[in-house]
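Student: Mind looking over this structure? Questions follow.
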Amino acid sequence: METKTLTKAELQLMKHLWKIEKGFMKDIVEQFSEPKPAYTTIATLVGRMVDKQYIGFEKLGRDKLYFPLLKKSTYFKSQLKEMTSDFFNGSSSQFASFFTKNADFNLEELKQLQEILQQEINQKKKK
């Protein structure tokens, strides 16, 4: 499945669906904070996202149990690639440099990042 950028409304809906993993329309509607969009608005959006194959469903009697077909990690990875391409000339190291300098990490968080990077380096060396 080709991943495209979700609209703001689609992303909000997907965040709720990723959180609950699966649910009926009423379960999805309940996830929205007040003032909630109209039930019909959410139902229309869900229907469009089913058509786009971002959301799937299982028919249970007259109801449909919805679940995400688009994985959160897949979507985030595609958005990160697009951002890196658009703003950092496709350079992951330029992105990482910008991110670490501008994210206002404390020393402990930087040490954790260093450990994560070292683990990745060790794994790549093994391959």
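Student: When the Kirkwood hydrodynamic radius is evaluated over all pairs of different C-alpha atoms of region 1-62, what value in angstrom, to one decimal, is obtained?
Tutor: Here the Kirkwood hydrodynamic radius works out to 12.2 Å.
Student: Given the pairs 77/101; 77/127; 8/111, which span a C-alpha to C-alpha distance of over 27 angstrom in this model?
Tutor: Cα-Cα > 27 Å for 8/111; rest within.
Student: Please give the helix 72-87 orientation as an angle from the longest Cα principal axis of the chain, in degrees from 0 to 90, rounded to the nearest 10.
Tutor: Rounded to the nearest ten degrees, it is 50.
Student: Along the Cα→Cβ direction, 7 angstrom out, place labels at residue 8 and residue 64. What is the inter-label distance in nm?
Tutor: Taking the two extended label points, one gets 2.6 nm.
Student: Right, here's the next one. Springs between alpha-carbon pairs under 10 angstrom, Gaussian network model over the chain: which of 91, 78, 33 fluctuates most?
Tutor: 33
Student: Still on this structure: Over the chain, average the accessible area per residue using a 1.4 Å probe and give it in Å², no decimals.
Tutor: 76 Å²
Student: Sticking with this one: Could you calculate the FRET efficiency of residue 74 with residue 127 from 1/(1 + (r/R0)^6), where r is the beta carbon distance between them and R0 is 22 Å, rounded to 0.05?
Tutor: Given R0 = 22 Å and the Cβ-Cβ separation, E is 0.50.
Student: Along the charge dipole of region 35-127, pointing to its positive end and built from +1/-1 on Cβ of Lys, Arg, Asp and Glu, which listed residue (35, 98, 45) has its Cα farthest out?
Tutor: 45
Student: Based on C-alpha coordinates, I'd like the Rg and Dmax of the chain, in Å.
Tutor: Cα radius of gyration and Dmax of the chain are 19.1, 55 Å respectively.
Student: Using a 1.4 Å probe and counting only protein heavy atoms, arrange 105, 87, 98, 57 so the residue with the most accessible area comes first.
Tutor: 87, 98, 57, 105
Student: Something else now. Expressed in nm to one decimal, what extension gain is obtained for the pair residue 40 and residue 91 from 0.36 nm per residue of sequence separation less their Cα-Cα distance?
Tutor: 14.0 nm
Student: Could you please state how large a percent of the accessible area of region 1-118 is carbon and sulfur, counting protein chains only and using a 1.4 Å probe?
Tutor: Reported share for carbon and sulfur atoms: 54 percent.
Student: Between residue 117 and residue 33, what is the label-to-label distance in nm when each label sits 7 Å out along the Cα-to-Cβ direction?
Tutor: 3.4 nm
Student: Relative to the first principal axis of the alpha-carbon coordinates of the chain, what is the inclination of helix 8-20, with its axis defined by its Cα atoms, in degrees from 0 to 90 and to the nearest 10?
Tutor: 90 degrees
The values are calculated or read from the model by the stated rules, or taken from the named source; none is laboratory data. Predicted model, so just to flag it, every value in this text is computed and none were measured. Here the Cβ is made from the backbone with ideal geometry for all residues, glycine too, and neighbour counts use every protein chain on show. Side chains are part of the model used for accessible areas, which takes the heavy atoms of the whole protein and leaves out ligands, DNA and RNA. Shrake-Rupley method; radii C 1.70, N 1.55, O 1.52, S 1.80 Å.
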